[in-house]
Amino acid sequence: MSDAGTSQLEARIAQLEAENAALRSEAVTAKPVDRTDAASPPPRERRRRGRTVAAVVLVVVALLLAPVAVISAWARLQLVDTDQFVATFAPLAEEPAVQSYIGDQVTAAIEEQVDIPTLTSDLFDGIKQLDLPPRAEQALGLLEAPATQGLQSLVSGVVDRLVESPAFADIWRAALTRSHQAFVAAVQGDPNAALAIGGDGTVSVQLGPIIEAVKDRLEQQGVGFAANIPVVERTIVIAQNDAFVLVQTVYALAVAVGTWLPWVCLALLAAGVFVAKRRTVALVWTAAGLAVTMLILAAGLGIGRTFFIGTVSPSIMPSDTASVLFDGLVELMLSTIVAFLVLSTLVAVIAWFSGPWRPARAAREFAGAGFASVRRAAARHGVTTGSFGIGLDRWRGAVYIAIALIAAAVVLFNRPVTVGAVIWTVVVALIAVVIVELLRRPADEVAAAAASDTPEADAVDTAATAGADGGTEPLVGIAVGGGPVDASPTEPSSTPDPARRAD
C-alpha cells in the first residue's frame, strides 16, 4: 500500500473516533428519560384498546339481550296478531290427544249442568207410580242403571264424534278468533269492545254493542220502534281484581319490548363489529356468540317443556295433551331460534373465509385462481364482459355490500323467520357473489390481454405454432431491436477452441 493511501486511512479512522467520542459525550449529558412516559402506551394504542373494550361491551350486551328479544318478539305476535294466534292454535284441533281432552271436558261440563242419574231416577219413579204389576216394577228397577249408563254413553259418543269431525276445526277456529279479538280489544281499551278494564281493576261489560246488535235484529224483523232506540253508553261491573290492571300493563310492555328490542339488539351487534379495530375477526366472534346463544335458548325451551308438562300433568290435563299444547305454542319461536342459529353459523363461516388466517387466505387464493382461470379461458375464446366487467371490478366492493344488505333485509323483514328462508337467501347471495367474480375483469387481466394482442406477441404465437406443427422447421425468434433472427440449430464451428489449443 502507498504512503498516500495509508495517510488517508489513518485520517478517516481519526475522524470516526472523534465522532464516536462526541456521540458518547452527548449520551452522558443527555436528559434521562422519564420512565413513566416511556411505560405509557402511545395515544394511538390507547385508542385501539378503547375501541376493543367498547366493541366487547356492545357485543356482550347484545348477546345477553338476544334471547329476550326473540321471546318478546314471539310474545308480541301471539298477543297482537289474531291471525298468527289462530295459526298457532288452530292445528291443535286435529291432534288426537287434544280432541280426547276437549271431548272429556265437554262431556264433564254437560254432566255437571245436567244430572243424568237424577234425571233417569225421576223418570223411572214416575213410571213406577202408574200402578204397574210387581214384575214390571221389578224390571224397571233393573233397567234404571243401564239406562243411566246408556244416556251417559250417548252424550259422550255424540261429543266424541263432533270433536273428531271436520266441522270441529271450523268451530275451534271461530272460537279462537272471537276469544283473541275480545281479549285484544279489552286490554287495548277499545271503546267498542264488549269488555272494558278500568284503572281500579274492574272488568265491565259494555251494553252499547249488545244493544246495537239487538237493534239491528229488531229492524231486520220489521219492528218499527227499533229505529228510535238511541245509542246507549252504559256498563255493568262483572268482576274486580287488581290483577286485571297488571295484565293490561304486562300486555303493553310486551308489545313495546317485542317491537323495539330486536332492532336494538341488532343495532348493538352491528355497532360492536363496526367499532372493533379488526372487524372481520369481530364479525366471526359475534356470529359464533350469537349461534351459541341460540343453542342455549333452544336448550332452555327443552327444559321449559319438561317443567310445563310436569306442572300441569296429570292434575290439569294428560301429559300427551300437555306436550302437544306446548309444542304447538312454541313452534314459531323454535323455528325462529333455529333460523337465527343457521344464519349466525353461515355468517361466521363466510366471515372466517374473508379473515386474515392462513387457511382462509389459502382458500381465497385457491378460489381466486379458479375464477381467474375461468375468465382467462373465456377470454381466449373471445368471451369477455368488456367495459362492463372493468367497471364491475372497480365497484365490486360496493356490489358485495349491496348483496349483503339485500340478503339481510330479506331475512329480517320476512316474518316469521324460517330456516328455509335463511338457507335460500344465503345460497342466492353466494350465487350472486360467484356471478360477480366471473363477470368482473381485473386490471392485470386486462393488461395481460392487451399485451397478448401486440404484433410481437402475435409473431411469437405464430412461431410457436409453426414449430409445433413442422417439427423440423427452423424457429424464428424476435430480436431485441424487433427484427427476425434465425434461431435454427447452427453447425459446430470448425475453428479449434482456443482454450483447448492452449492445453
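Each reported figure results from applying straightforward, stated rules to the coordinates on display, with no laboratory input. Given the structure is predicted, the values throughout are model-derived calculations rather than measurements. Cβ atoms come from the backbone with ideal geometry, glycine included; neighbour counts cover every protein chain shown.
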Output the number of residues of the range 79-114 satisfying the condition of being free of Cβ contacts under 8 Å to residues at least 60 places away in the same chain and under 23 Å from Val324 (Cα atoms).
10
Could you say whether any residue in the range 348-358 is β-branched (Val, Ile, Thr) and under 29 Å from the mean Cα position of the chain (by Cα)?
yes
In the list Pro314, Pro356, which residue meets the criterion of being farther than 24 Å from Ala69 by Cα, touching a residue at least 40 places away in the same chain (Cβ under 8 Å) and not in a helix (DSSP H, G or I)?
Pro356
Those residues of the range 401-450 which are small (Gly, Ala, Ser) and loosely packed, with under 12 Cβ neighbours inside 10 Å, in sequence order
Ala409, Gly420, Ala443, Ala447, Ala450
Only one of Leu438, Leu430, Leu412 is farther than 30 Å from Pro262 by Cβ and assigned to a helix (DSSP H, G or I); which?
Leu438
Which listed residue is buried (at least 20 other Cβ atoms within 10 Å of the Cβ) and among the aromatic types (Phe, Trp, Tyr), from Phe274, Phe340:
Phe340
